[in-house]
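Student: Pasting a structure below so you can have a look.
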Amino acid sequence: MEHSFWHNKWQSNQVGFHQESGHPDFVRYFPTLPAGSSVLVPLCGKSKDMLWLAEQGYQVVGVELSEIAAKDFFAENGLTADVTDQSINGSQFLLYQCHQCAISIWVGDFFKFETDVFDALYDRAALIALPESMRPAYLAHCQALLKNGSNGLIITVVYDQTLASGPPFSVQPEELTSLWSGPLVKAGEIELIEQEPRWKSKGLTSFKEQFWRW
Ligand SMILES: C[S@@+](CC[C@H](N)C(=O)[O-])C[C@H]1O[C@@H](n2cnc3c(N)ncnc32)[C@H](O)[C@@H]1O
(Lines give C-alpha, C1' and ligand atoms only; values in the text may rest on other atoms or scores of the structure.)
Protein backbone atom coordinates (compact mmCIF):
# COMPACT_ATOMS: atom_id res chain seq x y z
CA MET A 1 0.00 0.00 0.00
CA GLU A 2 1.11 3.57 -0.54
CA HIS A 3 2.16 5.50 2.54
CA SER A 4 -0.60 8.01 1.73
CA PHE A 5 -3.22 5.26 2.19
CA TRP A 6 -2.18 4.80 5.83
CA HIS A 7 -1.58 8.49 6.52
CA ASN A 8 -5.13 9.18 5.27
CA LYS A 9 -6.52 6.48 7.54
CA TRP A 10 -4.89 8.01 10.59
CA GLN A 11 -5.74 11.60 9.61
CA SER A 12 -9.41 10.70 9.16
CA ASN A 13 -9.39 8.44 12.23
CA GLN A 14 -10.51 5.44 10.15
CA VAL A 15 -8.67 2.99 12.36
CA GLY A 16 -11.14 0.13 12.65
CA PHE A 17 -8.18 -2.26 12.94
CA HIS A 18 -7.28 -0.81 16.36
CA GLN A 19 -8.42 -2.93 19.29
CA GLU A 20 -9.37 -0.77 22.27
CA SER A 21 -8.61 -3.51 24.78
CA GLY A 22 -5.76 -5.09 22.84
CA HIS A 23 -5.89 -8.44 21.07
CA PRO A 24 -8.11 -10.75 23.13
CA ASP A 25 -6.05 -13.90 22.55
CA PHE A 26 -2.45 -13.04 21.82
CA VAL A 27 -1.16 -13.54 25.38
CA ARG A 28 -2.16 -17.20 25.08
CA TYR A 29 0.17 -17.64 22.12
CA PHE A 30 3.02 -15.21 22.69
CA PRO A 31 6.18 -17.09 23.74
CA THR A 32 7.56 -16.61 27.25
CA LEU A 33 10.87 -14.79 27.03
CA PRO A 34 13.60 -14.01 29.55
CA ALA A 35 13.06 -10.67 31.31
CA GLY A 36 14.77 -7.86 29.46
CA SER A 37 14.27 -9.47 26.03
CA SER A 38 13.84 -7.04 23.17
CA VAL A 39 10.61 -7.34 21.18
CA LEU A 40 10.16 -5.74 17.76
CA VAL A 41 6.59 -4.72 16.87
CA PRO A 42 6.54 -3.75 13.18
CA LEU A 43 3.68 -1.56 11.88
CA CYS A 44 2.61 -1.18 15.49
CA GLY A 45 -0.12 1.47 15.15
CA LYS A 46 -1.17 2.35 18.69
CA SER A 47 -1.54 -1.26 19.75
CA LYS A 48 -2.28 -1.77 23.44
CA ASP A 49 -0.54 -5.14 23.18
CA MET A 50 2.72 -3.22 23.56
CA LEU A 51 1.68 -2.37 27.12
CA TRP A 52 1.29 -6.03 28.04
CA LEU A 53 4.67 -6.86 26.47
CA ALA A 54 6.33 -4.09 28.51
CA GLU A 55 4.57 -5.31 31.66
CA GLN A 56 6.24 -8.71 31.17
CA GLY A 57 9.61 -6.97 31.52
CA TYR A 58 10.42 -6.83 27.81
CA GLN A 59 12.01 -3.93 25.95
CA VAL A 60 9.38 -3.07 23.34
CA VAL A 61 10.28 -1.33 20.08
CA GLY A 62 7.45 -0.42 17.72
CA VAL A 63 7.88 0.96 14.20
CA GLU A 64 5.04 2.95 12.70
CA LEU A 65 4.58 5.24 9.69
CA SER A 66 2.10 7.61 11.33
CA GLU A 67 3.13 10.06 14.00
CA ILE A 68 -0.56 10.39 14.91
CA ALA A 69 -0.50 6.75 16.01
CA ALA A 70 2.59 7.27 18.16
CA LYS A 71 1.21 10.42 19.77
CA ASP A 72 -2.16 8.75 20.41
CA PHE A 73 -0.48 5.70 21.91
CA PHE A 74 1.27 7.68 24.61
CA ALA A 75 -1.57 10.15 25.23
CA GLU A 76 -4.34 7.54 25.37
CA ASN A 77 -2.38 5.43 27.83
CA GLY A 78 -1.47 8.32 30.12
CA LEU A 79 2.21 8.09 29.18
CA THR A 80 4.74 10.70 28.15
CA ALA A 81 7.77 10.37 25.90
CA ASP A 82 10.93 12.12 24.78
CA VAL A 83 10.93 12.75 21.04
CA THR A 84 14.15 12.98 19.04
CA ASP A 85 15.05 13.20 15.36
CA GLN A 86 16.97 10.17 14.14
CA SER A 87 18.52 9.20 10.85
CA ILE A 88 19.14 5.63 9.75
CA ASN A 89 21.21 5.35 6.57
CA GLY A 90 19.86 8.72 5.45
CA SER A 91 16.20 7.92 6.23
CA GLN A 92 14.47 10.16 8.74
CA PHE A 93 12.70 8.85 11.83
CA LEU A 94 11.23 10.33 14.97
CA LEU A 95 12.00 8.30 18.06
CA TYR A 96 9.45 8.37 20.88
CA GLN A 97 10.95 6.98 24.10
CA CYS A 98 8.53 6.48 26.95
CA HIS A 99 9.36 8.01 30.34
CA GLN A 100 7.36 5.53 32.41
CA CYS A 101 8.00 2.18 30.72
CA ALA A 102 10.26 0.35 28.28
CA ILE A 103 8.37 1.19 25.09
CA SER A 104 9.86 3.11 22.16
CA ILE A 105 8.17 3.88 18.89
CA TRP A 106 10.18 4.75 15.80
CA VAL A 107 8.02 6.83 13.46
CA GLY A 108 9.02 6.19 9.86
CA ASP A 109 9.14 3.55 7.15
CA PHE A 110 9.68 0.04 8.55
CA PHE A 111 11.45 -0.98 5.34
CA LYS A 112 14.12 1.65 6.09
CA PHE A 113 14.42 0.70 9.75
CA GLU A 114 17.74 -0.93 10.59
CA THR A 115 19.12 -1.26 14.10
CA ASP A 116 20.57 -3.90 16.37
CA VAL A 117 18.84 -7.24 16.13
CA PHE A 118 15.96 -8.24 18.42
CA ASP A 119 15.18 -11.28 20.57
CA ALA A 120 11.56 -11.55 19.44
CA LEU A 121 8.89 -10.29 17.06
CA TYR A 122 5.21 -9.58 17.53
CA ASP A 123 3.16 -9.10 14.35
CA ARG A 124 -0.54 -8.42 14.64
CA ALA A 125 -2.20 -6.82 11.59
CA ALA A 126 1.18 -6.02 10.02
CA LEU A 127 1.86 -8.80 7.47
CA ILE A 128 -1.85 -8.91 6.65
CA ALA A 129 -1.90 -5.14 6.12
CA LEU A 130 0.42 -5.54 3.14
CA PRO A 131 -0.48 -6.68 -0.38
CA GLU A 132 1.04 -9.91 -1.66
CA SER A 133 3.75 -8.07 -3.64
CA MET A 134 5.15 -6.49 -0.45
CA ARG A 135 4.99 -9.51 1.84
CA PRO A 136 8.24 -11.25 0.76
CA ALA A 137 10.29 -8.09 1.41
CA TYR A 138 8.45 -7.48 4.68
CA LEU A 139 9.14 -10.96 6.06
CA ALA A 140 12.76 -10.89 4.87
CA HIS A 141 13.24 -7.55 6.62
CA CYS A 142 11.69 -8.88 9.83
CA GLN A 143 14.05 -11.84 9.77
CA ALA A 144 17.05 -9.61 9.10
CA LEU A 145 16.16 -7.73 12.30
CA LEU A 146 16.02 -10.87 14.46
CA LYS A 147 18.80 -12.68 16.31
CA ASN A 148 19.58 -16.30 15.61
CA GLY A 149 17.40 -18.31 17.98
CA SER A 150 14.72 -15.62 18.11
CA ASN A 151 11.12 -16.25 19.14
CA GLY A 152 7.95 -14.67 17.91
CA LEU A 153 4.33 -14.64 16.97
CA ILE A 154 2.70 -13.68 13.67
CA ILE A 155 -1.08 -13.49 13.52
CA THR A 156 -2.60 -13.95 10.08
CA VAL A 157 -6.14 -14.11 8.73
CA VAL A 158 -7.39 -16.62 6.18
CA TYR A 159 -10.54 -16.10 4.13
CA ASP A 160 -11.73 -16.33 0.53
CA GLN A 161 -9.90 -13.41 -1.10
CA THR A 162 -12.07 -13.71 -4.23
CA LEU A 163 -15.08 -12.51 -2.22
CA ALA A 164 -13.49 -9.59 -0.42
CA SER A 165 -10.48 -7.36 -0.85
CA GLY A 166 -7.99 -6.34 1.80
CA PRO A 167 -6.57 -5.00 3.94
CA PRO A 168 -6.57 -7.13 5.94
CA PHE A 169 -5.35 -9.53 3.27
CA SER A 170 -5.78 -13.27 3.49
CA VAL A 171 -2.42 -15.00 3.91
CA GLN A 172 -2.50 -18.71 3.22
CA PRO A 173 -0.32 -20.95 5.42
CA GLU A 174 1.75 -22.08 2.40
CA GLU A 175 2.65 -18.50 1.56
CA LEU A 176 3.85 -17.71 5.06
CA THR A 177 5.76 -20.95 5.59
CA SER A 178 7.46 -20.71 2.20
CA LEU A 179 8.57 -17.10 2.75
CA TRP A 180 9.78 -17.65 6.32
CA SER A 181 13.21 -19.24 6.54
CA GLY A 182 13.10 -21.64 9.46
CA PRO A 183 10.37 -23.68 11.09
CA LEU A 184 7.03 -22.11 11.98
CA VAL A 185 4.35 -23.82 14.04
CA LYS A 186 0.65 -23.06 13.79
CA ALA A 187 -0.10 -22.72 17.50
CA GLY A 188 -3.79 -22.02 17.10
CA GLU A 189 -6.68 -20.94 14.93
CA ILE A 190 -9.88 -19.07 15.77
CA GLU A 191 -12.99 -18.85 13.56
CA LEU A 192 -14.26 -15.27 13.74
CA ILE A 193 -17.00 -15.19 11.08
CA GLU A 194 -19.83 -15.05 13.63
CA GLN A 195 -18.19 -12.00 15.25
CA GLU A 196 -17.46 -10.25 11.94
CA PRO A 197 -20.73 -9.02 10.32
CA ARG A 198 -18.69 -6.95 7.85
CA TRP A 199 -17.18 -10.13 6.35
CA LYS A 200 -20.40 -12.13 6.54
CA SER A 201 -22.18 -9.45 4.54
CA LYS A 202 -19.67 -9.97 1.72
CA GLY A 203 -20.73 -13.61 1.48
CA LEU A 204 -17.84 -15.11 3.41
CA THR A 205 -18.62 -18.22 5.44
CA SER A 206 -15.25 -18.34 7.18
CA PHE A 207 -12.80 -15.75 8.49
CA LYS A 208 -10.08 -17.38 10.55
CA GLU A 209 -7.30 -15.92 12.57
CA GLN A 210 -4.18 -18.09 12.72
CA PHE A 211 -1.34 -17.89 15.26
CA TRP A 212 2.13 -18.75 13.96
CA ARG A 213 4.99 -19.20 16.38
CA TRP A 214 8.66 -20.04 16.31
C1 LIG B 1 -3.68 -2.57 10.01
S2 LIG B 1 -2.73 -1.42 10.91
C3 LIG B 1 -2.25 -2.41 12.32
C4 LIG B 1 -1.66 -1.63 13.44
C5 LIG B 1 -1.31 -2.47 14.69
N6 LIG B 1 -0.39 -3.52 14.38
C7 LIG B 1 -2.53 -3.00 15.36
O8 LIG B 1 -2.58 -4.19 15.65
O9 LIG B 1 -3.45 -2.22 15.64
C10 LIG B 1 -1.25 -1.33 9.94
C11 LIG B 1 -0.33 -0.21 10.39
O12 LIG B 1 0.88 -0.25 9.64
C13 LIG B 1 1.33 1.06 9.44
N14 LIG B 1 2.24 1.01 8.28
C15 LIG B 1 1.91 0.72 7.00
N16 LIG B 1 3.01 0.71 6.22
C17 LIG B 1 4.07 0.98 7.03
C18 LIG B 1 5.47 1.11 6.81
N19 LIG B 1 6.02 0.96 5.59
N20 LIG B 1 6.26 1.40 7.86
C21 LIG B 1 5.72 1.55 9.12
N22 LIG B 1 4.40 1.44 9.37
C23 LIG B 1 3.57 1.16 8.35
C24 LIG B 1 0.05 1.85 9.22
O25 LIG B 1 0.20 3.24 9.44
C26 LIG B 1 -0.88 1.18 10.22
O27 LIG B 1 -0.86 1.85 11.46
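Student: Where does helix 67-76 land angle-wise versus the long Cα axis of the chain, in degrees 0 to 90, nearest 10?
Tutor: Once rounded, one gets 80 degrees.
Student: Next question. Quick one: accessible surface of Thr115, probe radius 1.4 Å, all protein chains present, in square angstrom to the nearest 10.
Tutor: 50 Å²
Student: So, by mean Cβ neighbours within 10 angstrom, what's the order for 152-162, 5-15 with the highest one leading?
Tutor: Details: 152-162: 19.3, 5-15: 13.5.
In decreasing order of mean packing, 152-162, 5-15 become 152-162, 5-15.
Student: For every helix of n ≥ 4 consecutive DSSP H residues, a contribution of -39,500 (n - 2.57) applies; sum these over the chain, divide by its total residues, and give [θ] at 222 nm rounded to the nearest 500 deg cm²/dmol. Display every interim value, and only then the final one.
Tutor: Working: 7 runs with 51 residues, N = 214.
Rounded to the nearest 500, it is -6000 deg cm²/dmol.
Student: Next question, about the same structure. Please sort 167-173, 188-194, 128-134, 63-69 by packing, taking for each peptide the average over its residues of neighbouring beta carbons within 10 angstrom, highest first.
Tutor: Numbers: 167-173: 18.0, 188-194: 12.6, 128-134: 15.6, 63-69: 21.0.
The densest-packed peptide leads the list: 63-69, 167-173, 128-134, 188-194.
Student: Which whole-number value in Å² is the accessible area per residue of the chain, probe 1.4 Å?
Tutor: Numbers: 10060 Å² over 214 residues.
With all protein chains present, the chain gives 47 Å² per residue.
Student: Which percentage, to the nearest 5, of the DSSP beta bridges contained in the chain is antiparallel?
Tutor: Numbers: 24 of 42 bridges.
Taking every DSSP beta bridge with both residues in the chain, the antiparallel ones total about 55 percent.
Student: Of all accessible surface on the chain at a 1.4 Å probe, what whole percent is carbon and sulfur?
Tutor: 49 percent
Student: Rounded to the nearest 5, what % of DSSP beta bridges with both residues in segment 81-194 are antiparallel? All intermediate terms of the calculation are to be shown ahead of the outcome.
Tutor: Numbers: 12 of 18 bridges.
Looking only at bridges with both residues in segment 81-194, the antiparallel portion is about 65 percent.
Student: So, in nm, how far is label His141 from label Asp82 when the simple model puts each one 7 Å beyond its Cα toward the Cβ?
Tutor: The answer from the label model is 2.7 nm.
Student: Also, I was wondering about something else. How high is the relative contact order of the chain, given as a whole-number percent (alpha carbon pairs under 8 Å, six or more residues apart)? Intermediate results must be reported in sequence, preceding the final value.
Tutor: Values: 389 pairs, mean separation 37.1, N = 214.
Rounded, it is 17 percent for the chain.
Student: Averaging sequence separations of C-alpha pairs under 8 Å and six or more residues apart, then dividing by the length of segment 31-114, give the relative contact order as a whole percent. Mind dumping the intermediate values first?
Tutor: Working: 155 pairs, mean separation 24.4, N = 84.
Here the relative contact order equals 29 percent.
The values are calculated or read from the model by the stated rules, or taken from the named source; none is laboratory data. Model, not experiment: these values are computed from the prediction. Cβ: placed from backbone, ideal geometry, glycine included. Neighbour counts: every protein chain shown. The accessibility values were calculated without ligands, DNA or RNA, using every heavy atom of the protein model including side chains. Shrake-Rupley method; radii C 1.70, N 1.55, O 1.52, S 1.80 Å.
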